[in-house]
1. Does Leu289 satisfy the condition of being surrounded by fewer than 21 Cβ atoms within 10 Å (Cβ to Cβ) and either farther than 30 Å from Arg104 by Cα or aliphatic (A, V, I, L, M) (or both)?
2. Restricting to region 266-320, name every residue that is over 16 Å from the mean Cα position of the chain (by Cα) and among the basic types (Lys, Arg).
3. Quick check on region 267-275. Is at least one of its residues in contact with a Leu (Cβ under 9 Å, 6 or more places away or on another chain) and either assigned to a helix (DSSP H, G or I) or basic (Lys, Arg) (or both)?
4. Could you please find all residues in region 24-57 being more than 13 Å from Gly84 (Cα to Cα) and among the aliphatic types (A, V, I, L, M)?
5. Which one is farthest from Glu328 (Cα to Cα) among residues in region 279-298 that are free of Cβ contacts under 8 Å to residues at least 60 places away in the same chain and of a type in the set (A, V, I, L, M, F, W, C)?
6. Tell me which of these Asp273 doesn't satisfy, since it passes every other one: (1) open to solvent by 40 Å² or more (accessible area, probe 1.4 Å); (2) at pLDDT 90 or above; (3) over 22 Å from Leu191 (Cα atoms).
7. Scanning for something closer than 29 Å to Asp261 by Cα, among the charged types (D, E, K, R), out of contact with any Asp or Glu (no Cβ under 8 Å at 6 or more places or on another chain) and modelled with pLDDT under 70, does region 30-43 turn up at least one residue?
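The values are calculated or read from the model by the stated rules, or taken from the named source; none is laboratory data. Computed from a predicted structure; not experimentally measured. Positions of Cβ are backbone-derived with ideal geometry, glycine not excepted, and every protein chain shown enters the neighbour counts. For accessibility, only protein heavy atoms count, side chains too; no ligands or nucleic acids. Shrake-Rupley method; radii C 1.70, N 1.55, O 1.52, S 1.80 Å.
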Amino acid sequence: MEAVLGQVAQLPALLAVCSSALVRAWDPPTLERALDWGRYFQHLHDRLRARPRLRHAVGQRLRRAQPGAPLAFGQLGRCAELLGLALLENRALPPAACRRLLQRLLQPPAARPSRLALLARRKAASRLLEPLRSSPPPPSFGGPEPRLAAEAGLLLGRLRDEPPGEPRWLGGVLQQLPQPRAFRVVAAALLLLRQGGGPRQEEEAGADPLLSWLLEDAERFAAFCQQLPGSLLASLAAHYSQISKRYLDLLSDWGSCLLYDPLQGQWVKSCPDEGELSWEELRERFSCLCKGPVPLRGQTQAALKLLKGRDGDFQVRGLSVWTDLLLEVQEDLRKRAEH
């Protein structure tokens, strides 16, 4: 029994280590041993709770081991839970050990469903490190490449010669181009109109038929936003309020289709084969919008805050995709301000 009491006396120290920076050196096998100790103490509690004398001896040893805020005998029965939660809250835990922790906590024994599995799902987002992802290139708010600019210029020249309204030939001409190329020509034309410095009336006369063709078909606009880079879309959104509103609405729809996978520690598509964007793509799109002019940045952040509030206004990662995106965008802006 003295050997058992000696082991019990080590429990406060084990809990303290799980909450400290010492776990930074832990690998998955070390984490497994710590969790096994939790299961051992839980098993010990189940064996001794009907034996008053032994239970009293264990309680005494716990009080002697941690005089200031002693553990009670009943907490032995929650030892696995206490260890798991301490580790989930500890940001020093390395990614590999953290993934092993989630695998253990999210897959409790079938014969004994654990409350800890639910707690792990809720706490995991605030702990798991995000997977490494390549940094997207910074957006350019300049003009299109020369060849695209030439094609866009020809398109605008023909539009200027037409009477007001959407020309009947526009859709047919654009359909003759491969879809990504057609979208790029339209985008280049819209940007050239804003950068040309001509009269506002002429700009609107050229932009209106292009915007009408682009926005009147929801599937066409979704394909446009999927196939063009985020930096180019941000340029368009900065110049055209019609595009920025519809684009943010579309990003909202795509974001709502993502689900958090606690084992991977990241947001994933609910249907991998569907057309919505991945987490990395969605994050890059919002980041580009927030690197644009101040009005567009404010509009984007306001939209994210509204979506975050509607989704529960969570403050930790992994519970709401909008919380995570807003935190990512704010972190990007902070880094840019520092440099």
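1. no
2. Matches in region 266-320: Lys291, Arg297, Arg310.
3. yes
4. Ala25, Leu44, Leu48, Ala50, Leu54, Ala57, listed by residue number.
5. If we take residues in region 279-298 being free of Cβ contacts under 8 Å to residues at least 60 places away in the same chain and of a type in the set (A, V, I, L, M, F, W, C), then Val294 is farthest from Glu328 (Cα to Cα).
6. The single condition Asp273 does not satisfy is (2).
7. no
Condition check ((1) outside any helix (DSSP H, G or I); (2) surrounded by 20 or more Cβ atoms within 10 Å (Cβ to Cβ)) across all residues:
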{"position": "Asp249", "(1), (2)": "no, no"}
{"position": "Leu259", "(1), (2)": "yes, no"}
{"position": "Gln264", "(1), (2)": "yes, no"}
{"position": "Ala302", "(1), (2)": "no, no"}
{"position": "Leu307", "(1), (2)": "no, yes"}
{"position": "Phe314", "(1), (2)": "yes, no"}
{"position": "Asp332", "(1), (2)": "no, no"}
